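Chemist: Attaching a single structure in structure tokens format; questions to follow.
Only the coordinates and a few stated rules stand behind these numbers; no lab work does. None of these values were measured; they are calculated from a predicted model. Glycine also receives a Cβ, built like all others from the backbone with ideal geometry; neighbour counts cover every protein chain displayed.
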Amino acid sequence: MQFSILVQTKVDEWDLAVEAEELGFDACWFPDTQMVWSDCYATMALAAQHTSRIRIGTGVSIPGTRIAPVTAHSIATINQLAPGRTFLGVGTGHTAMRGMGQKPMPLAEFDEYLRVVRTLLRGDEVDYTYRGKTRSIQFLHEGMGFRNTHDPIPIYVAANGPKTLQLTGRLGDGLISLMGESEEVLSYHLGMIREGARHAGRELPGDFHTSALVCPILLRAGETLRSERVIDLAGAYAVCMLHYVYEVYEQSHDDEVVPEFLHGVWEEYREHVDRMELPPDKRFRQIHEGHATYCVPEERRFVTPEVIEGTCMVGGESEILEQIRKAEAAGLREVGIVPALAGYRGVMRDFAKVMKRV
């Protein structure tokens, strides 16, 4: 089992990667969310220059805001600074797109995007269509230190639907999911990935990577899920998931997309959104306020014990250790932690104790 951190990309806090390396973490993920945080590639470059062991990559890169050749050249540039320890996490783009009132990239476009990026990262020539014109492109000046496509850059795909999972099997080197999924769900995901690989005539590599992100809460003596410190640590991630479900629900109005742990706050949260100050055509900006960074004070009431349990990894050191071991037995290879900005370093240090026991 490997362990990583996902930081809130803040260009003057690149040293979080240095601290993570010193604590024994295996990787540091930098999200690509232009309306929320700093530029991920600028921040990764600083982290790469000041570390020597920890893997560095995007968590995740957004195709809708960067054309495929740009993403390929950007991550290959980081690979020049951190050869052999760079990875590309990529997804269709939820918050980065919805934070501009737009939708994530459609699956067919995402498929083509990954094909182009993957081929360029191999240093090969690829047909690329831009504004209706298709041309064969290939990186120039290879081997001169501008980029590094010699050391492989694995592509990890954020996926949970069957078609995206199959796409992951065709074009990905790993899967990004959320912690807390059952053994059956992870088994289903891997089955869909293998099916996609098989249809593409590809044999899934034995080192195919599986990673999951989670907000860990290590309870102290006497604490409960109603303790102020616990709510402080859980709030940003918990309401982030609430925002996500709300956006998905508004597209379909399908009650099935609302997980059971949100049922107790769902109607109240919808009323809260209806009362937001911004008009409906601008409300997406207010919905994503605080995204995975802090909890808006008015939304603290939605961080109930049920929501905390449904979105976070909670328990004493031994309980969290047991959850990690179960996930590992089910086929998970990496646990990535996503603490709130406040208290980030404390959570890293606490979780490092669990890592050592694993």
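Chemist: Please work out how much length the chain gains when fully extended from residue 296 to residue 276, using 0.36 nm per residue of separation minus the C-alpha to C-alpha distance, in nm with one decimal.
Modeler: Once the chain is fully extended between residue 296 and residue 276, it gains 6.0 nm.
Chemist: A further question on this structure: Quick check on the stretch 106-193: what are the equivalent-ellipsoid semi-axes from the Cα gyration tensor, as sqrt(5λ), descending, whole Å?
Modeler: Rounded to whole Å, the semi-axes are 30, 17, 8.
Chemist: Using the number of other C-beta atoms within 10 angstrom as an exposure proxy, rank 37, 29 with the fewest first.
Modeler: Going from sparsest to densest Cβ surroundings: 37, 29.
Chemist: Right, here's the next one. Give, rounded to the nearest 20 debye, the magnitude of the charge dipole that the stretch 117-219 has about its Cα centre when Lys and Arg contribute +1 at Cβ and Asp and Glu contribute -1 at Cβ.
Modeler: In debye, rounded to 20, the stretch 117-219 gives about 520.
Chemist: Angle check, please: helix 40-49 long axis (alpha carbons) against the longest principal axis of the chain (alpha carbons), in degrees 0 to 90, nearest 10.
Modeler: For helix 40-49, the angle is close to 80 degrees.
Chemist: Based on the Cβ-Cβ distance of residue 67 and residue 100, what FRET efficiency does E = 1/(1 + (r/R0)^6) give at R0 = 22 Å, to the nearest 0.05?
Modeler: In this case the efficiency is close to 0.85.
Chemist: Sticking with this structure for a sec: Taking θ = phi - 60°, what integer Hz values does the Karplus form 6.51 cos²θ - 1.76 cosθ + 1.60 yield along the stretch 163-178, in sequence order, with x for Gly and Pro?
Modeler: Computed from phi, the couplings for the stretch 163-178 are 5, 5, 5, 5, 4, 4, x, 6, 10, x, 10, x, 10, 10, 9, 10 Hz.
Chemist: Moving on to the next point. Which aspartates and glutamates does residue 356 reach when only Cα atoms under 19 Å apart count, and residues fewer than 8 places away in its own chain are ignored?
Modeler: Within reach: 19, 21, 22, 26, 317, 319, 322, 328, 334.
Chemist: While we're here: For residue 133, which aspartates and glutamates qualify as cross-link partners when the Cα separation must be under 17 Å and same-chain residues fewer than eight apart are set aside?
Modeler: Straight-distance partners of residue 133: 109, 112, 125.
Chemist: Here's something else I'd like to know. By a straight-distance test (C-alpha under 16 Å), which lysines pair with residue 103 as possible cross-link partners, with residues fewer than eight away in the same chain excluded?
Modeler: 282
Chemist: Calculate the spin-label point distance for residue 256 paired with residue 1, positioning each point 7 Å from the Cα along the beta-carbon direction, and give it in nanometres.
Modeler: According to this spin-label approximation, the distance is 3.3 nm.
Chemist: As an exercise, take the mean of 1/r over every pair of distinct alpha carbons in the chain, invert it, and state the Kirkwood radius in angstroms.
Modeler: After inverting the mean inverse Cα-Cα distance, the result is 21.0 Å.
Chemist: Can you sort 311, 224, 168, 77 so the residue with the fewest Cβ neighbours within 10 Å comes first?
Modeler: 224, 77, 311, 168
Chemist: With +1 on the Cβ of every Lys and Arg and -1 on the Cβ of every Asp and Glu, and nothing else charged, how large is the dipole of the chain about its Cα centre, in debye rounded to the nearest 20?
Modeler: I would put it at about 1000 debye.
Chemist: On to the next question. Taking the Cα centre of the chain as the origin and placing charges on Cβ (Lys, Arg +1; Asp, Glu -1), which of 340, 7, 61 is farthest toward the positive end of the dipole?
Modeler: The residue sitting most towards the positive pole is 61.
Chemist: Moving on to the next point. So how much slack lies between residue 357 and residue 144, counting 0.36 nm per residue of separation and subtracting their Cα-Cα distance, in nm?
Modeler: Result: 72.3 nm gained on full extension.
Chemist: Still on this structure, I have one more. Tell me which of 130, 38, 144 sits at the most positive position along the dipole axis of the chain, charges placed on C-beta atoms (Lys, Arg +1; Asp, Glu -1).
Modeler: It is 144.
Chemist: Is there a quick way to get the dipole size of the stretch 200-348? I mean about its Cα centre, with the Cβ of Lys and Arg at +1 and of Asp and Glu at -1; what is the value in debye to the nearest 20?
Modeler: It comes to approximately 560 debye.
Chemist: Report D for the stretch 31-123 in µm² per second (integer): Stokes-Einstein, Kirkwood Rh on Cα pairs, 20 °C, 1.002 mPa s.
Modeler: In µm²/s, the coefficient is 159.
Chemist: Whole number please: convex hull volume per residue of the Cα set in the stretch 228-306, in Å³?
Modeler: Cα-based convex hull of the stretch 228-306, divided per residue, equals 83 Å³.
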